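First the structure, in the form of structure tokens, and then the observations on it.
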Amino acid sequence: MAAIVMDNLHKVYAGGVRAVSDIMLDIADGEFVVLVGPSGCGKSTLLRMVAGLETITEGRLTIGDRVVNALEPAERDIAMVFQNYALYPHMSVFNNLAYGLRNRGVLKPEIERRVREAAAMLEIGAFLDRKPRQLSGGQRQRVAMGRALVREPAVFLFDEPLSNLDAKLRVQMRVEIKQLQRRLGTTSLYVTHDQLEAMTMADRLVVLNGGRIEQVGTPMDVYSRPATTFVAGFIGSPAMNMLPASLLRANGNADALSGLPGNADLVGLRPEDIGLDAVAPGGVRLQARLDLLEPAGAETHLHVRLIDGKTRMTVRLSHVPGLTEGADLVLHAPAAALHPFEAESGHRLL
Amino acid sequence: MQTKRTTFSGYWLPYALLAPQVIITLIFFIWPAGQALYQSVLRQDIFGLRVTFVGLDNFRRLMEDPLYLNSMQMTLVFAVGTTVLSMALALLFAVMVNNMIRSRDSYSTLLVWPYAVAPAIAGVLWWFIFNPSIGILPYMLDMVGYDWNHRRSGTDAMILVIIAAAWKQISYNFIFFLAGLQSVPQSLIEAAAIDGASRAKRFWTIVFPLLSPITFFLLVVNIVYAMFDTFGIIHATTEGGPAQATNILVYKVYRDGFVGLNLGSSAAQSVILMTIVIALTVIQFRYIERRVNY
Amino acid sequence: MVENRPLGNLLSHVVLIFGVALVVFPIYVAIIASPHPPGTFLRGVMPLLPGPNALENYRTAWTEGRSRAGTPPISLMLTNSLIMALAITIGKLAISIISAFAIVYFRFPFRIFFFWIIFLTLMLPVEVRIVPTFQVVADLGMLNSYAGLSIPLIASATATFLVRQFFMTVPEELMEAARVDGAGPMKFFRDILLPLSITNIAALFVIMFIYGWNQYLWPLLITTDPEYYTIVMGIQRMVTGGDSEPLWHLVMATVVMAALPPVLVILFMQRLFVKGLTETEK
């Protein structure tokens, strides 16, 4: 059990490329923190710095009560699940799980006990004698988890562990990992580029972009109050609509925008906050033409174009009242649903 | 020159791991190569008593020596003959074997094994087959009116060593051509067939261009083989004769150094050969790099 | 196959049978010639069917060789060849594997420099620097010894390069996982990397064994004592060593026995050998 403290971490590669900058982050004991961002945002690098696989150029990293900057991965009391699982192909499942324990001089009966226990927890007890290549993708994923589990480490590190699974298994494993972590109460750092995975699993989300932290918060915090235009665009699917405030004012919505700060020149609207309610009082009202209907089962996505003929928006509805493509619509959103941003800095204003 | 993304740390361990290789390389490769370079600018008198610095004179003499120029020409003929003959036959066999379904493996096995035969042995075998008094081929050639004698005729001797050298190399080329053919995507051939290309046309317009990287690779490898690895064939059979007709460069280096004891000239020849090998190797690695980038 | 034409297939078979005949013919001739009595080769054309003296000829070759010309019996030369081939193969593999490991899995000062030193050896086949190399070995007192036969040929840029190519394809994460699991460099090398490389090492073994067995010029130069003759060079001594026509029946028996070990290695390990040649030598 351990807390992690990242005190102003930097990573600069030999060629001068800055991969990670100014990372200040406290992770509480037992917390499940997800690092999320597009590819190349530095999230994996940061995770590997915590693991000890990348050197830390600058700053201080504390795990538990030790500064670990100079420690080897094996000395940091961490365990890691890799994206491609990194199972030793020539060893049986049992030996894959036992290898790290043997290297640490754990006694035989204890190894046996821990491997059986982990295998039972992950329901891979029947495969202990098999080689990794004889297992399915989902089973390999469980073995990779098991290898981390048997170590009983202070911290779990996950590097996109579900990205090689098909969609259905991914959802199932998402739930299992989360439940397992709750039960064991082990501090966990989890990297993913999938914002849905990040939202559903995290106690706290850390959104990274260009090697810097954009926002830290609970998933609902981040979703309902994105701190920057980047976060607004990255979290949530379909993405938040971004409209120039000038466009809204020019179309008779000056009143609805009067409550926003004067420098709010960009306004965000979540697709699900927009309705077709032509008679609702107040709020923002926009005329648009329906380009395409995208039925997705429980909900339908409407791709529309505003009357200027250029600006595109997405609307998410659970009921579609007999619309046909090409129809003219009036969109409505309540004033409370507006997210004001300053375009130049990208910062949220309220 | 990459390493892994993350590497082990260790101050003396990597040097210890490299030490055996580097020490042997220094003693048996770099040092002698340096010696060759050094000796190539010296000349010993006939009693081996006095050594004088002569600059590039050894090289100049070589370039003016009709025997050396003849050796270069013979090497060219030999290398081109061997390369063309063995690659053409290997490609033909590989294409045919690739057409087979059930018998593919059996034919492959039968064609692959000469790779294991030493060049010197290949030479002795063909020397026996072409033996003017008892060989089977001269006997057959005699019936069509050709008097084969590689002990008198330089042309005959050259043909003999080319056949022996090419014979041994067919299997190597065959292995690579077959691997290349098997990596041509079947869908391309099917697409060409749907586009109405005949069998021959499919080969020359689709398959052969796709084989061109392998062909180029083999071209370099075969030239290197013919120039340097065929020493045994020459030495065990014609010994450079008759009348210098098969005295290729690597054989001449050996003869001038060990039999003629002309160290300066032999060293200069070594330097020239090393330059040729380095040039060929650089070409080859350019090619490998390009391929890795694909 | 897009299409299957009987006529085309027949043509393919004809071409291939011709090819196989061409490839097999020299060895066939050797096998046929070896059991003939010496008199056969004094007149007329060489035989195309085997002779009656198989046992006798092979026994002579095996136990006596051609003693008049100074060649030792084949049994001795075969043993020497085997010792030389194995020493070269094992030595090459051992030093190539550890140096490739150093080059791929460590970063250290002068790494590139060392790589190029090793790499230069690829560019300098023994044939082209033969005189100075001979002098070095003579100065070290290694003439007429197994060490002299094998050690100078052990350094191998090719093998190092091929092993390096293979190591580069081993997933990064395996080494990282091993580190997280508490394995140091040598433990990782022994527990993970070597077991993973077994197939590739075996394929290289085949190629290197054939290379070692077929060495010709080097043993020719540094052995003057028949005790150290290897079989491939011994054949040349048998062909040219006497003052009369070669004793063809003995030469051919020797040829058969000299070619047999590497050919057997290839035939039994063909798949491995082809894979090793084409997949690594790119």
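The values are calculated or read from the model by the stated rules, or taken from the named source; none is laboratory data. Being a predicted model, the structure only gives us computed values, none of them experimental. Heads up, the Cβs are rebuilt from the backbone with ideal geometry, glycines too, and the neighbour counts pull from every protein chain shown. Ligands, DNA and RNA are excluded from the accessible area calculation, which covers all protein heavy atoms including side chains. Shrake-Rupley method; radii C 1.70, N 1.55, O 1.52, S 1.80 Å.
For the reader, a short list of remarks on this structure follows.
- Calculated accessible area for the stretch A:25-118 comes out at 39 Å² per residue, all protein chains present (probe 1.4 Å; ligands, DNA, RNA ignored).
- Additional length obtainable on full extension of the chain from A:Arg289 to A:Arg225, 0.36 nm per residue less Cα span: 20.1 nm
- The stretch A:43-164: relative contact order as a whole-number percent, Cα under 8 Å and 6+ apart: 37 percent
- For the stretch B:238-285, the equivalent ellipsoid built from the Cα gyration tensor has semi-axes of 23, 15, 6 Å, listed from largest to smallest.
- Its convex hull of Cα atoms gives chain C a direction-averaged projected area, equal to a quarter of the hull surface, of 21.7 nm².
- In this label model, B:Phe53 and B:Phe216 are separated by 4.3 nm, measuring between points 7 Å along each Cα→Cβ vector.
- Beta bridges per DSSP with both ends in the protein assembly as shown, % antiparallel, nearest 5: 70 percent
- Exposure check, 1.4 Å probe, all protein chains in place: B:Val144 carries approximately 120 Å² of accessible surface.
- In range of the label at B:Ala88: residues from the stretch B:189-203 whose backbone nitrogen is under 18 Å from the point 7 Å along Cα→Cβ: none
- Mean Kyte hydropathy of 0.0 or more with a Cα span along the axis of at least 24 Å, helices from DSSP in chain C: C:6-33, C:74-105, C:194-213, C:248-268
- Summary: within chain A, the longest segment free of trypsin sites (Lys or Arg not before Pro) located in DSSP loops with at most 14 other C-beta atoms within 10 Å is A:105-309.
- For the stretch A:241-341, the per residue solvent-accessible surface stands at 49 Å², with DNA, RNA and ligands left out and a 1.4 Å probe.
- Take A:Asp221: with every protein chain present and a 1.4 Å probe, its accessible area is about 80 Å².
- The Cβ shell under 14 Å around B:Gln21 holds other residues with a net charge of +3, Lys and Arg each +1, Asp and Glu each -1.
- Projected area, mean over directions - the stretch A:241-341, Cα convex hull, nm²: 6.1 nm²
- Of C:Asp139, C:Asp225, C:Asp181, the one that fluctuates the most in a GNM where chain C has Cα springs shorter than 10 Å: C:Asp181
- Alpha carbon centroid spacing (whole Å) that separates the stretch A:203-239 from the stretch A:297-350: 20 Å
- Taking a Cβ cut-off of under 14 Å around C:Ala155, the surrounding Lys, Arg, Asp and Glu residues balance to a net charge of +2, with basic ones at +1 and acidic ones at -1.
- Inter-site label distance for A:Arg305 and B:Arg151 at 7 Å from Cα along Cβ, in nm: 9.4 nm
- Expressed as a whole percent, the accessible area of the protein assembly as shown that falls on carbon and sulfur atoms is 61 (1.4 Å probe).
- Degrees separating the helix A:167-184 axis from the principal Cα axis of chain A, which is the longest one: 60 degrees
- Sequence of A:Ser92, C:Ser99 from largest to smallest accessible area, 1.4 Å probe: A:Ser92, C:Ser99
- Helix runs (DSSP H) in chain B reaching 18 Å along axis by Cα, Kyte-Doolittle at least 1.0: B:13-25, B:66-99, B:154-182, B:208-224
- Folded to 0 to 90 degrees: helix A:137-149 orientation relative to chain A principal axis, Cα: 60 degrees
- Gaussian network model of chain A, springs between alpha carbon atoms under 10 Å - residue of A:Val320, A:Val175, A:Val284 with greatest fluctuation: A:Val320
- Filtered trypsin sites (Lys or Arg not before Pro), the stretch C:90-126: DSSP coil and at most 12 other beta carbons within 10 Å: none
- In angstrom, the C-alpha Rg and Dmax of chain B are 23.7, 78.
- Ellipticity estimate at 222 nm from DSSP helix runs (n ≥ 4, -39,500 (n - 2.57)) divided over chain C, nearest 500: -21000 deg cm²/dmol
- Solvent-accessible surface of the stretch C:10-60, averaged per residue with a 1.4 angstrom probe and all protein chains in place: 53 square angstrom.
- Against the compact-protein benchmark of 2.2 N^0.38 Å, the Cα-based radius of gyration of the stretch C:113-254 scales to 1.44.
- In plain terms, the bigger the Kirkwood radius, the slower the diffusion; for the stretch B:163-294, with that radius from Cα pairs, at 10 °C and 1.306 mPa s, Stokes-Einstein puts D at 89 µm²/s.
- Debye equation applied to the C-alpha atoms of the stretch C:44-139, log10 I(q)/I(0) at 0.10, 0.18 Å⁻¹: -0.58, -1.05
- Using a simple spin-label model with pseudo-atoms 7 Å out from Cα toward Cβ, A:Val17 and C:Thr79 lie 6.0 nm apart.
- Sparsely packed loop sites in the stretch A:1-100 (the chymotrypsin sites (Phe, Trp or Tyr not before Pro) outside DSSP H, G, I, E and B with at most 13 other Cβ atoms within 10 Å) comprise A:Tyr13.
- In Å, descending, principal axis extents of the Cα set of the protein assembly as shown: 119, 67, 63
- Buried accessible area, chains B and C (both chains, 1.4 Å probe, Å² to nearest 100): 10400 Å²
- Calculated mean residue ellipticity, 222 nm, chain B: -21000 deg cm²/dmol, from DSSP H runs (n ≥ 4) at -39500 (n - 2.57) each, averaged per residue and rounded to 500.
- Chain A - mean residue ellipticity at 222 nm from DSSP helices (-39,500 (n - 2.57) per run, n ≥ 4, rounded to 500): -7500 deg cm²/dmol
- Prolate/oblate/rounded call for the stretch B:15-99, Cα gyration tensor, a/c under 1.5 rounded: oblate
- Mean-position separation - Cα centroids, the stretch C:196-270 and the stretch A:111-142, in angstrom: 51 Å
- Using C-alpha pairs under 8 Å with a sequence gap of at least 6, the mean separation divided by the residue count of chain B gives a relative contact order of 27 percent.
- Largest GNM mean-square fluctuation across B:Ala193, B:Ala267, B:Ala226, computed for chain B with C-alpha springs under 10 Å, falls on B:Ala193.
- Among the listed pairs A:Lys11/A:Lys168; A:Lys108/C:Lys187; A:Lys178/B:Lys4; A:Lys43/A:Lys131; A:Lys11/A:Lys178, those whose Cα-Cα separation exceeds 25 Å are A:Lys11/A:Lys168; A:Lys178/B:Lys4; A:Lys43/A:Lys131; A:Lys11/A:Lys178.
- Helix A:93-103 vs. chain A, principal-axis angle (Cα, 0 to 90°, nearest 10): 70 degrees
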